[in-house]
Every structure is written in structure tokens, then in C-alpha cells.
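**Q** Take a look at this one; I'll ask things after.
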Amino acid sequence: MPEATPTRVGAPEAHDHRHDHNDHDAAPVRRRARGVHVAWAVGATVVLIALVAARAVTAEQLDPSIPNPVQDLLTLSTSVIIESLPFIVLGIVLSVLVQVWIPESWLLRILPRNPWGRRAVISLFGMFLPVCECGNVPLARGLVRRGFTVPESMTFLIAAPILNPVTIITTHQAFGFDDGILIARLLGGFAIANILGWLFSKHPEPMSLLSGRFAEECRLDDGHGHGRDRRQQSLDLFVRESSILMPALVIGSLIAGAIQVIVPRDVLVALGSDPLYSVLAMMVLAFIISVCSNVDAFFILPFASTFLPGSIVTFLVFGPIVDIKSSCARPTRPARSCSSRRSSRC
Amino acid sequence: MREQTSRGALWRGVQRWRGVVIIGVMAAITLWLAASGQLVLYIHPRYILFTVIMAIIAVVAAVAAVATPRRHDDEGLPLPARRSRAVGLAAAGLAAAFTLGMVVIPPATLSTATAEQREINATASDDAETFAAASAADAATVATFTVREWSTVLRQTSDLAFFDGKPATALLGFVTPDADDPESIFYISRFSVTCCAVDAQPLGVPVYLPGWAELYPPDTWVQVTGAFDSNPSRSSPTPIVLVPERVEAVDQPSEPYLF
């Protein structure tokens, strides 16, 4: 019954009429190929179940007696990973939606023509795409592939973690409207995103600002993806984004955990009452701690009693920009573009 | 030449699959942690539902990605330089090792190492409110006070009259040595977590019990019942300590952090 197994997805797709070279083969070959894929799916499921079973056994049986600091390093790093993982998945899902499922015209049509206006609107995209800095890197990459310029995507990348409903709610829960911290965070994030976007747009060749990998990933899709239905394209994107983000997440979490274990926090807190040093200390802390913008307000709340409000705002605005775990996956070369411009601003 | 192609294939294979493998395994482990009630060792309970939903999506997507036909359009691209391939492989190896650690090493709560590094009771977030509530509390409420309430009260007042008729009942926490007088004072401590273990703040109540370390080594979970009194220790500046009537070693609770 060759009719029962047409191309792998039933829904009519825009690209369906374009055939992939496999489709020239006869139906039995296709059926066999399908059998192979079912076998892979079963195999992957079995492996995952076996790993979970192994996990359950080792949790009971194994007593590795790891020294406390090392154990805490592992616990802290794992905690960063488990806290970020759902946001990364959300980011990838939204990125897939933007790239594969939402018609291109939707995003481009609502934008003004004037570059400042465009970037201003783009910096508000986060209101509809509530991703923090873990999730916005794949999304920004999706925007570049969708025809956004590099400065526009950078604007999104910096604004989205701050100008999004989740962050606004958590910041409000933590601080209310005290000391104007919430307002300063929102305005500061908006201003920095737009100023950085403008600086990037001054560059004669913005594409060259991208780190090699990011640019390569952005280019990969040009002219490709045909002959793949949307489900397959979505999974391709999942494979690619996770391949970039996951190693970066693990290494970033290990660094964040290690600094937590090694640097005494009271050293940083001692700096809190000095107008200049408190701001610098908060910048360092933002870099070290790297908690998601969605929740960093709760994290910094205990410091509000020792640190000046200005330095708290610094943490809240600066944190999402320099987040250590996603900075490993950042789109720009840190040495040349992002950080040199950032420091020239300071 | 042949060796060249096989290295390229290895690099491409690792490049393509490392993310899916890591995210799939981590999400599966996350689901196991949630099922066995240990997710609270890492994150605040309010994130559990969101985390579980996203982990299910990740597991389904990872399995589907393994099962879907490969695309071959990256094979025509030139291989990057050897050094950047090595860096990529090393990163993937480290990430894989950590992922394996998540499978093998038993989940654990934070220990005294972090409590000492972060300095017990260093922060004071909602002190005034908690203190007002504690002052007005009746005896039944006082008996339910945790390390959080008592540490707040101790920060706010050193007036012994306040503690009159307000004993600590079955106060639960783990043992951390006092920095000033480790011979006779330990802190019965808990971590307070607002989002995830990274922001855990150690809270503690000083307990005066000379020679405690022989009975209850650091990191032991204990339950202490006793009354507050002025500190008999000469080398510690803490004004008020808990003088225990009864101390018993207990198992680590399933929710070791205070949320």
C-alpha cells in the first residue's frame, strides 16, 4: 500500500512539491528507511530509559564521598543548568516557531522603515517572545536568518531579556517601585540596546562582527532546507541550536559554580557602600553570578540593604548583557566588537 | 588522506549530535529528579511545573531528532582548522563528562563549605516584617519557628527579656562550626533559596554546646530543643545563643532548603 505511506508528513506543506533525492526511490525503499527511523526512535528511547534506571541505581548504591567543595561545585553548576534548561528549551521552541512556522511577512511587515524606529520596535519584541538571555541567542540567530540585519538582532539580543513580561513581573515582585529600580532597569535596557544597535549599524560590514560560528550558522540555512518538511526543519534547528548552546551552557555553569566556591562573597559585599566600587562590584557580580534575567531580581534583593540602588540597577541592566553562560555562545567576537564598544561607552 | 576523512566524520558527528545527546540526557535526568522529589535540591518549587513541561518537550524532540532522516548539506562545507576542531571536541568532551556526572554522582544538597564561604546570616532581606510577626506570635506559633525566623529575631534584638518563655522547639538544620569559637559553638543552619541553589543564603542559629564536634560532626542534620540565653563563651562576640536541652541527630529532610 504505497499510498498509505506518502511523504512523511500528512499536512500539505509549502515545500512538499520539491522533492528530496530520496523521493525518487521506490516505495519499498522508503518503507525500509522508515523502519530504520522507527528503530532509531526505539533505540534512543531505550537508551534514555536505561540511563534513568542507572541514575536511580547509582543514587541508591553509590557513595563517592566527594570532598565538600567539589560536591558543592557540582551541585551549584547542576543547579544553574537545571534552572536554565527550561528557558533554553523555550528559546529553541520560540526560535523554531519564528523561523519555520511564522510567515516571514508577519515579522517584517510591522516594522517601520526608519532604522531607529525599526530597532526601537525590535527591542520590544521581547514582550511577545518572553525569553531570557539563555533563550534569546537562538532566537536572535533565527532573526538574522529571517533577514534582519546584525545591528537589529543585537538590539533584540540585549533588549529582550529585560523588556519582557516575565522579567518585569519578577522585578516588580522583588522591588515594587522602590527607588525607581524597575523603571531604571526598563529604560536602561531599552537605551543600551538601541545605542548598541546604532553603534553596530555604523560598522561598514556588520556581518564581519559576528563570531565565525554564529555567522556560519546563520549562513547555513541560505538555500538549504528545501525538500525537508516543516517538522524535519524544526528538528534540524533543534539539533543545531542545542549543539551550540549545550556545551556552552555546561562550561559557563562550571565557571559560575567555580567562582562561587572560590571567591568569598563578603569581599564583594564589602565594596557595596562605595558609590563607584559598588557599581563596579555589581558589574563583576553580574558577570560571575549569571542568573537568568527572569529571576535575577530575587537573587539581588538581599544585597539591596548593603548596596546602593544605582549599583543594583547596574546589576539588573548589565547582568543580562554579560551573562557568562550564554556569553560562551554569544554571536559576536568579544575581543573586537561587543566588549570593545562596551568599554568605550563606559 | 583516508585518516583525514575519518577525522572529519568524527568531528561532524560530534558537532551534530553533542547537543541533542546532552539536552536529551539532561532533560531525562531532570524528569527523574522531579519524579523522585529531588528537583528541590536545585531549584525553587515554583519552577518545577515549568521545568518538567520543558524537559518533556526536550526529551520528545531529542528522540524525534535522532529518528529523523539526516540532512547532508553540511558535508560539502570545508572543515575548520585543526585547532578549532580540537577546541570543539574538548568542549564537547567536558560537557559529556559533566552530563555523565549528572547520571552517576548522587544528587546532594549544599554543604558547610558553601555555608562558611557565604557567611551565615550575611543578608537581611525582610527582617523588619518577620520580626514584627515574630514579636506578636503566640506560643504555638513560636514552636513552629524555623531557622529563618529565629535568625531574623536574633539579628533584630539582643534583649533577653524578648526570649523569655519563647523556647526553640525541634529546630532542624545542619551543623556548621562557628568561626570565632569552633570549640563550643556551632550554628544550626539552613540554606534559604529564592530561585535556585546558586542564590542559596545560609541562615543559622548559634548553639552553645562545648565539645559538640565529637557528637555531631559538621554537616550532620540535627534537631535542637532548648532556650535562648546569654552567650557563656568568651571568644565569641555573639550576644545570645541557644542552650540546648536536647539534641538529636536526624536524617537529612527531603527538602533541605527553606523556600
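We did not get these values from a lab; they are worked out from the coordinates using the rules stated. The structure displayed is predicted, hence computed values, not measured ones. All Cβ positions, glycine included, derive from the backbone under ideal geometry; neighbour counts span all protein chains shown.
**Q** Quick one: dipole size for region B:2-108, taken about the Cα centre, charges +1 on Lys/Arg Cβ and -1 on Asp/Glu Cβ, in debye to the nearest 20.
**A** On the way: 11 positive and 4 negative charges, 65 e Å.
Computed about the Cα centre, the dipole is about 320 debye.
**Q** Same structure, new question: Among B:Leu39, B:Leu171, B:Leu215, which one shows the biggest mean-square fluctuation in a GNM of chain B, springs joining Cα atoms closer than 10 Å?
**A** Looking only at B:Leu39, B:Leu171, B:Leu215, the biggest GNM fluctuation is shown by B:Leu215.
**Q** So how do B:Asp138, A:Asp229 line up by other beta-carbon neighbours within 10 Å, fewest first?
**A** Lowest count first: B:Asp138, A:Asp229.
**Q** How far is helix B:127-136 tilted off the main Cα axis of chain B, in degrees rounded to 10, range 0 to 90?
**A** 40 degrees
**Q** Two decimals is fine: what is log10 I(q)/I(0) at q = 0.13, 0.14, 0.24 Å⁻¹ for region B:2-108, from a Debye sum with one equal scatterer on every Cα and no solvent?
**A** Normalising to I(0) and taking log10 leaves -0.61, -0.69, -1.29.
**Q** Got a sec? How would A:Arg113, A:Arg146 order by Cβ neighbour count within 10 Å, fewest to most?
**A** Final ranking by Cβ density, sparse to dense: A:Arg113, A:Arg146.
**Q** Then there is this: Would you calculate, for chain B, the mean residue ellipticity at 222 nm contributed by helices, counting each DSSP H stretch of 4 or more residues as -39,500 (n - 2.57) and dividing by all residues, to the nearest 500?
**A** The helix contribution divided over chain B gives -14000 deg cm²/dmol.
**Q** Ranked by Cβ crowding within 10 angstrom, fewest neighbours first, how are A:Glu241, B:Glu119, B:Glu129 ordered?
**A** B:Glu129, B:Glu119, A:Glu241
**Q** Let me ask something else about it. To the nearest 20 Debye, how big is the dipole of chain B about its Cα centre, given +1 on the beta carbon of each Lys and Arg and -1 on that of each Asp and Glu?
**A** 2120 debye
**Q** If I build a Gaussian network model for chain B, linking alpha-carbon pairs within less than 10 angstrom, which residue out of B:Ala179, B:Ala91, B:Ala170 has the largest mean-square fluctuation?
**A** Top of the fluctuation ranking is B:Ala91.
**Q** Right, next: Can you give the angle from 0 to 90° between the axis of helix B:2-35 and the longest principal axis of chain B, with both taken from C-alpha atoms, to the nearest 10?
**A** Around 30 degrees separate the two axes.
**Q** Mind telling me which of B:Pro80, B:Pro45, B:Pro218 comes out most flexible in a GNM of chain B, alpha-carbon contacts under 10 Å?
**A** Its mean-square fluctuation being the largest, the pick is B:Pro80.
**Q** How charged is the neighbourhood of A:Leu186? Take every other residue with its Cβ under 15 Å from the Cβ of A:Leu186, and add Lys/Arg as +1 and Asp/Glu as -1. All intermediate terms of the calculation are to be shown ahead of the outcome.
**A** Details: positive: A:Arg185; negative: A:Asp178, A:Asp179, A:Asp296.
With Lys, Arg at +1 and Asp, Glu at -1, the neighbours total -2.
**Q** What does the charge add up to near B:Phe228, with Lys and Arg as +1, Asp and Glu as -1, over the other residues with Cβ less than 11 Å from its Cβ? Mind showing how you got there, number by number?
**A** On the way: positive: B:Lys166; negative: B:Asp159, B:Asp164, B:Asp229.
So the environment of B:Phe228 carries a net charge of -2.
**Q** Right, another one. Find which of B:Pro218, B:Ser233, B:Val66 sits farthest along the positive direction of the dipole of chain B, computed with +1 on the beta-carbon of Lys and Arg, -1 on that of Asp and Glu, about the Cα centre.
**A** Most positive-ward Cα: B:Val66.
**Q** For the pair B:Leu100/A:Met127, report the inter-label distance in nm, with labels modelled 7 Å from Cα in the Cβ direction.
**A** Rounded to a tenth, the inter-label distance reads 5.0 nm.
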